[in-house]
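Laboratory data are not the source of any read-out in this text; all were calculated from the coordinates shown. Worth saying up front: this structure is predicted, and the values here are computed from it rather than measured. FYI the Cβ positions are ideal-geometry reconstructions off the backbone, even for glycines, and counts take in every protein chain you see.
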Amino acid sequence: MRIISIANQKGGCGKTTTAVNLAASLAVNQRKVLLIDFDPQAHATAGLNIQAKINIYDCLSNLSPQKASLQDIIVNVAENFDLAPSSIILSTLEQELANEISRENRLQETIAAVKDCYDYIIIDCPPALGILTVNAICASNEVIVPVEPSRFSIEGLNRLLDILQLIRNRLNHNVEYMVLVTIFDSRLKYAFKILAELRNKFRENMLSNIIHVNVKLKESQSFGTSVLGFDKYSRGAKDYYSLAKEVISMEKGAGQAIAPTATAPVLKKKMRELVKKHISNLREVVVKADFPEAKEVYLAGDFNNWSQDESSAMVNESGSWQKRVSLKEGQYHYRLIVDGKWVADPQNPNMERNPYGEFDSLLKVSSAPTS
């Protein structure tokens, strides 16, 4: 089971939007998910149209007249998707825990009772670096940091990384962090500049998917549902669905690293043979498209997990964009991302309607010639 905090001390960076819609997207992908609203503003609770008499405060506070367990407050939102609601009274917990022993582990102890019931627990943190956020991080093994492409948001990211280092040093608790670019407006050159800076500085910790500006994300909150429940064909729904797929792809498999033994040389030889066999089954394919006015074009498909990163960037040759990919025999779905807009390949007549009501281009790869 994975416990992921969504945290950034800066408000307005899409933190709660990410927590709600990532949780909903994981649930759609058949993962059992609990979203804990750990923000006294209770935006996740309100954004899912939940009104609760008891909330996460009643699980953590020794002063609450309605002392409850986490199981008592959980509300089902949708299939595979549960919520532990919050309330403004949670803001008093900072002061209540000030002199408590092991106060940074209060949430971790509370979660322990339900850990076996879920595949994912997502924690929506408050936009501050106080005891609530520290509790959330100590209860987590991963942190996703939503960052909008602005200078202030990057400063907030740096402060959060300082807290992660402090928790690592003083509490001996190590968490992995991932940076997620949110509220990305592809019409702004400045946005691309900040994106390049982030990729240069946090290359090893950047999530490939980007959350673009989309009005449906805000509209869904007004209707008390996730964007997938509001408009599953919208750009926002696609972005968060792709993000969930990327998060799922990071799930640890059953295989473990093999300790060095006397059989290591044999294993290495076998691995080389497998790699050689795999490469021999690949065929190089060139995808070309004419977009003379475009500033950047990406090739995204089911062969690269629909990623939009440097590895999927197409090369511009006088307005004609192309990308070489090595693929096995079979049929693949793909789309082109032209200056942030997802489109089917206009030069490929082979298409198929996707679950979002739009069309994917089809790429058919025949078997490579044998020697």
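If you take the Cα centroid of the range 155-229 and the Cα centroid of the range 21-97, the two points sit 22 Å apart.
Using a 10 Å cut-off on Cβ atoms, rank the peptides 27-34, 11-18, 164-171, 68-75 from the highest mean neighbour count down. Kindly include the intermediate steps, with their values, before the conclusion.
Values: 27-34: 19.4, 11-18: 22.6, 164-171: 13.1, 68-75: 15.9.
Ranked by mean Cβ neighbours within 10 Å, highest first: 11-18, 27-34, 68-75, 164-171.
So for 110, 182, fewest C-beta neighbours within 10 Å to most, what's the order?
Details: 110 18, 182 24.
Fewest-to-most ranking of 110, 182: 110, 182.
Can you check how the C-alpha radius of gyration of the range 26-89 compares to 2.2 N^0.38 Å, as a plain ratio?
On the way: Rg = 11.8 Å, N = 64, 2.2 N^0.38 = 10.7 Å.
So the Cα radius of gyration is 1.11 times the expected 2.2 N^0.38 Å.
One chain, two ends: residue 305 and residue 356. Fully extended at 0.36 nm per residue, the span grows by 16.7 nm beyond their Cα-Cα distance.
Footprinting exposure proxy ranking of 61, 222, fewest other C-beta atoms within 10 angstrom first, gives 222, 61. In units of the compact-protein estimate 2.2 N^0.38 Å, the range 153-245 shows a Cα radius of gyration of 1.29.
For the range 44-123, compute Rh as the Kirkwood radius over C-alpha pairs and then the Stokes-Einstein diffusion coefficient at 25 °C and 0.890 mPa s; write the answer in µm²/s, rounded to an integer. Before the final figure, lay out each step's value.
Details: Rh = 13.4 Å.
Stokes-Einstein gives a translational diffusion coefficient of 183 µm²/s.
Diffusion coefficient (Stokes-Einstein, Kirkwood radius over C-alpha pairs, 37 °C, 0.692 mPa s) for the range 70-115: 264 µm²/s, rounded to a whole number.
Taking chymotrypsin sites (Phe, Trp or Tyr not before Pro) as exposed when DSSP calls them loop and at most 16 other C-beta atoms lie within 10 angstrom, the chain has its longest site-free stretch at 1-222. Legend: ranking of residues 86, 150, 312, 320 from fewest to most surrounding C-beta atoms inside 10 Å; resulting order 320, 150, 312, 86. For residue 3, neighbours were defined as the other residues whose beta-carbon sits under 9 Å from its Cβ, and their charges (Lys and Arg +1, Asp and Glu -1) total +1. Projected onto planes of every orientation and averaged, the convex hull of the alpha-carbon atoms in the range 2-249 covers 12.5 nm².
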